[in-house]
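Where a number appears in this text, it was derived from the coordinates with a stated rule and is not lab data. Predicted, not measured: the structure shown is a model, and the values here were computed from it. Neighbour counts are summed over all protein chains in view; Cβ atoms, including those assigned to glycine, are modelled from backbone coordinates with ideal geometry.
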Amino acid sequence: MIGRALEIYSQEGTRQLVCSTKNYIKWKSGLILRYAHNQISNMRYSYEFQNVMNQDWDNLIILDGCRYDLFEEINTISGDLEKNILVAHQQMNSSKKQ
């Protein structure tokens, strides 16, 4: 990394070195933030991921984009209400099971 910085400085000057360094730090910090976000999301939701298509259902209603907490407050459907997070690739395979 220092070798590359010296190369930029000697070939393109101080200004380009500062710009390159700024861009590198911005890029690297973006990678770190994305990694941290993914790790936090995995910890938050990992216990909730279930393969709902492999479970035994009498009726399965999937509400896409509906907030569970708000639906729970107004729900009048009898039976057990469960919150699950359906992984996207399960949605694609759901039509094959019918």
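As a proxy for reagent exposure, ranking THR21, THR76 by other Cβ atoms within 10 Å from fewest up yields THR76, THR21. Maximal additional length on extending the THR21-TYR9 stretch stands at 3.2 nm, based on 0.36 nm per residue less the C-alpha distance.
Overall shape: prolate for segment 2-45, with the ratio a/c of the largest to smallest alpha carbon gyration tensor axis at 1.5 or above and a/b above b/c. The phi-based Karplus calculation (6.51 cos²θ - 1.76 cosθ + 1.60; θ = phi - 60°) puts the 3J(HN,Hα) values of segment 31-39 at 4, 5, 5, 5, 4, 4, 4, 5, 5 Hz, whole numbers, x for Gly and Pro. Simple spin-label estimate for LEU31 and GLU72 gives 4.0 nm between the two label positions (7 Å along the Cα-to-Cβ direction from each Cα).
Sorting LEU81, LEU63 by the number of Cβ atoms found within 10 Å of their own Cβ, with the fewest placed first, yields LEU63, LEU81.
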